[in-house]
Amino acid sequence: MSKQFDVVVIGAGPGGYIAAIRAAQLGFKVACIDAWKNAKGEPAPGGTCTNVGCIPSKALLQSSEHYEHAGHSFAEHGIDIKSMHLNLPRMLKRKDHVVEQNNAGILFLFKKNKVSFFHGQGSFAKADANGYEIKITSASEESITGKHIIIATGSNARALPGTAFDEVNILSNDGALRIGDVPKKLGVIGAGVIGLEMGSVWRRLGAEVTILEGLPTFLGAVDEQIAKEAHKLFTKQGLNIHLGVKVGAIKNNKKTVSIAYTDAGGTEQSLEVDKLIVSIGRLPNTEGLNGAAVGLKLDEKGFVAVDEECKTNLPNVWAVGDVVRGPMLAHKAEEEGVAVAERIAGQHGHVNFNTIPWVIYTSPEIAWVGQTEQQLKAAGRSYKAGTFPFMANGRARALGDTSGMVKFLADATTDEILGVHMVGPAVSELIAEAVVAMEFRASAEDIARICHAHPSLSEATKEAALAVDKRTLNF
Ligand code: FAD
Ligand code: NAI
């Protein structure tokens, strides 16, 4: 008989490894299976997020921002640099080191919490009275059985039809994070989160970046006023963003890539670049799971079908993170992982989809939580809006980064905060206050009456809350 566990988690990305740890904390005997290998063939838990997503992209965003500041902003602060050059191999090595530290951290956490880690591909073999038998395929093969199974197999990059990723010239997020030489010309298809973040990295390092976006609106999910401001700022930085294009044939000429497209005005255009990043969304990873062996149901888009509690159609089989509906965000995956472990323990785990923050780590950053102004209008909701520009914030002036604003949307009658939207310096951190406020169903006035440290960027949040009632103090 195969080894028996209370909970078997398939996938050790943020959804899976956090679910495994929480289940172990709750007293269950837990196994976590993950297939990811690093360049040396060793286990590299942490999933997309740790290996080719959140962590390495933020490492490169940070390094490239330092480079840009050293080249363009230091002089204004009275710091003259005589000779400066980019050591890209060292920058990439640092990024790899940050990833390795995170991989090692997860293995340590598994040990600490007594989670049994298995390296290999997990797939359903059969269901029987003991639960579900999961076959683990690596150099050898073994099977384990779980009373409860949590599927957390994540997602992978969607390719354009007929244009496979070779990760040399035509790059997914994986190749985009390890380009060995700064391309002179970089093309990006899709002006979404990855396109803007990776486009920013390589632009700062010296590439001429052209982004082709299919939709006529820029960042359609972002509050229109914030998206408009961000578009203006990114364009000023030198990102060439073309909206409303129709991408045609893509030719990989080995040294370059040519892209034929029709622009928004209907004119045929072509673009020749050294490297092309295709960032047009991601697809759920369900292929290796052999869900058919147990009758696991997928939805019409290929995600594992789940209800609001992350229950699949099979008893005691749950699914969390990118492989199920909802935003593809690491913290959403983690929240679902914790909630499922708690539900297995008979507790009332809960994920509030209305208060999941979004951050785009460009410079300036974009962050938001709750509803946008266009969503409130479409829903016919009466609301009040208040904005405050970083231009009028003392700390932003001292930093030398005054771009952007904070915007509050509150119910016209009750003043309850319905959405908070930001573009500006460090807003990835500022948004946390808004998330807390919305979780506690605070009013804009609650934030306006709270004492915020001076000088701090968070004063812009307070002032935007004051602006809801047209009583800013510093603008
Ligand atoms: P994943 O992280 O994809 O992990 C799934 C794991 O399961 C992988 O290790 C995979 O190898 C393994 N697996 C799959 N099938 C099997 C199988 N059959 N057997 C065993 N193992 C299997 N989100 C944010 O919130 N903030 C960010 O800043 C951010 N930046 C990103 C930047 C980029 C470039 C990308 C691509 C994504 C980014 N994301 C970010 C999104 C984030 O990475 C995902 O939402 C998150 O990783 C999803 O977690 P997950 O656990 O569901 O899946
Ligand atoms: P995305 O959904 O953010 O953006 C894809 C963009 O490509 C969209 O604007 C879409 O209109 C466009 N597009 C789609 N097909 C196209 C085509 N044929 N031609 C031209 N444009 C086309 O997806 P992206 O950037 O690939 O990222 C995937 C997901 O990863 C994100 O949605 C997000 O959930 C996650 N992520 C999160 C980050 C963060 O939290 N900071 C960072 C990076 C990724």
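The numbers here are math on the coordinates, done by the rules we state, and not lab data. Keep in mind it's a predicted model, so treat the numbers as computed, not measured. Positions of Cβ are generated from backbone atoms using ideal geometry, with glycine treated the same way; all protein chains shown enter the neighbour counts.
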For region 194-208 and region 304-344, what is the centre-to-centre distance using only Cα atoms, to the nearest Å? 33
Trypsin sites (Lys or Arg not before Pro) in region 1-48 lying in a DSSP loop, each with at most 16 other Cβ atoms within 10 Å of its Cβ, come to LYS40
Report the full-extension gain for the segment LEU473 to ARG178: residue separation times 0.36 nm, less the Cα-Cα distance, to one decimal in nm. 101.5 nm
With ALA319 itself left out, Lys, Arg at +1 and Asp, Glu at -1 over residues whose Cβ is under 15 Å from its Cβ give -3
Trypsin sites (Lys or Arg not before Pro) restricted to DSSP loop in region 99-201 with at most 13 other C-beta within 10 Å: LYS114, LYS184
Per DSSP H run of at least 4 residues, take -39500 (n - 2.57); add these up for the chain, divide by its residues and hand me the 222 nm value, nearest 500 deg cm²/dmol. -9500 deg cm²/dmol
Length gained if ASP299 through HIS97 is fully extended, taking 0.36 nm per residue and subtracting the Cα-Cα distance, is 68.9 nm
Gain in length, ASN240 to THR137, computed as 0.36 nm per residue apart minus the alpha-carbon separation, to one decimal in nm? 32.5 nm
Summing +1 per Lys or Arg and -1 per Asp or Glu among the other residues with Cβ less than 12 Å from ALA379's Cβ gives 0
Take the cross-link list LYS111/LYS332; LYS58/LYS95; LYS135/LYS301; LYS3/LYS37; LYS232/LYS407; LYS232/LYS275 and give me the ones stretching past 20 Å between alpha-carbons. LYS111/LYS332; LYS135/LYS301; LYS3/LYS37; LYS232/LYS275
Once you compute Rg and the Kirkwood Rh from C-alpha atoms, what is the Rg to Rh ratio for the chain? 0.99
Along the Cα→Cβ direction, 7 angstrom out, place labels at LYS185 and ALA75. What is the inter-label distance in nm? 2.8
Point-charge dipole on Cβ atoms (K/R +1, D/E -1) for region 170-280, about Cα centre, debye to 20: 360
Counting Lys and Arg as +1 and Asp and Glu as -1, what is the net charge of the other residues whose Cβ lies under 14 Å from the Cβ of GLY16? -3
What FRET efficiency comes out for ALA412 versus HIS454 if R0 is 51 angstrom and r is the Cβ-Cβ distance? Round to the nearest 0.05. 0.95
Do any chymotrypsin sites (Phe, Trp or Tyr not before Pro) in region 151-249 lie in a DSSP loop with no more than 16 other beta carbon atoms within 10 Å, and if so, which? none
Could you give each residue of region 454-471 its phi-based ³J(HN,Hα) in whole Hz, using Karplus coefficients 6.51, -1.76, 1.60 with θ = phi - 60°, and x for Gly or Pro? 10, x, 8, 5, 5, 5, 5, 5, 4, 5, 5, 5, 5, 5, 4, 9, 6, 9
